[in-house]
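Some notes on the structure that comes next.
What follows draws every value from the coordinates through simple rules; no lab data is involved. All figures in this text were calculated on a predicted structure; none of them were measured in a lab. Glycine gets a Cβ as well: all are built from the backbone with ideal geometry, and neighbour counts include every protein chain shown.
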C-alpha cells in the first residue's frame, strides 16, 4: 500500500492502529518504521518523484486529532456501510487543497470507530458497491482524489510531486 500510493502521488502517511488492525501495539508498528521508510524512498525514486512522502509515527485510533482541521483540509473515511455520500460529492463540497484519507484495515472499521472519526470531522464516503481490500481501497481512494483534483493531468512532462 505504501509503495503503490507513493507511486500514485500520496504525500504523507500516518499509520493508525484500529480495533481490527493486524498490528495492535504502537511498539510493534514502530518496529516496522525503518522498513516502511525504505519502501517510500524506493517508490518515490521509481516514480521519479522529487520528494519522498512523509511518514509519521504510528498512533492508536483514539489519538486521531479531535480538533476540526484547517479550512483547507478535507478529511475522508471510506466506509463500506456508507450509502449516501460519494467521494466525488464530498470533494465537490470542499474547496481546500489538502485531503486526508483514513483507510481501514482488513475487516474495515467498526461502527464506533466511524462515529469517532466523524466527530473528528472525517466525512464517511462510499467507494462504490464493491468491498475492497485495504491496499486496493487506499490506491483507489488516492487515485480518485488526485484525479478529481486534477493532479493526474500531465504538466509539462513533469511528474506530480
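Rounded to a whole number of µm²/s, how large is the Stokes-Einstein D of the chain at 4 °C and 1.567 mPa s, given Rh as the Kirkwood radius over C-alpha pairs? Working shown, then result.
Working: Rh = 16.3 Å.
The estimated diffusion coefficient comes to 79 µm²/s.
Taking all pairs of different Cα atoms in region 71-161, averaging 1/r and flipping that mean, what Kirkwood radius in angstroms comes out?
On the way: mean 1/r = 0.0728 Å⁻¹.
Here the Kirkwood hydrodynamic radius works out to 13.7 Å.
Quick one: length gained pulling residue 85 to residue 134 fully straight, 0.36 nm per residue minus the C-alpha distance? Don't skip to the answer; put the middle values down first.
Values: separation 49, 0.36 × 49 = 17.64 nm, distance 1.97 nm.
Full-extension gain reported as 15.7 nm.
Please give the calculated 222 nm ellipticity per residue for the chain, where each DSSP H segment of at least 4 residues contributes -39500 (n - 2.57) and the sum is spread over every residue; nearest 500 deg cm²/dmol? Mind showing how you got there, number by number?
Values: 6 runs with 56 residues, N = 161.
Mean residue ellipticity at 222 nm (helix-derived): -10000 deg cm²/dmol.
Would you mind checking region 41-70 for residues with the amide N under 20 Å from a putative spin-label position 7 Å along Cα→C-beta of residue 110?
The answer is 59-66, whose backbone nitrogens lie closer than 20 Å to the label point.
May I ask what percent, to the nearest 5, of DSSP beta bridges between residues of the chain are antiparallel? Could the numbers behind the result be given before it?
Numbers: 1 of 14 bridges.
If we restrict to bridges inside the chain, about 5 percent are antiparallel.
Computed from the mean reciprocal separation of all distinct C-alpha pairs, what Kirkwood hydrodynamic radius does region 1-84 have, in Å?
Across region 1-84, the inverse of the average 1/r is 14.6 Å.
Within region 72-90, find all residues whose amide N lies under 14 Å from a label point positioned 7 Å from the Cα of residue 11 along Cα-to-beta-carbon.
72-75, by backbone N distance to the label point.
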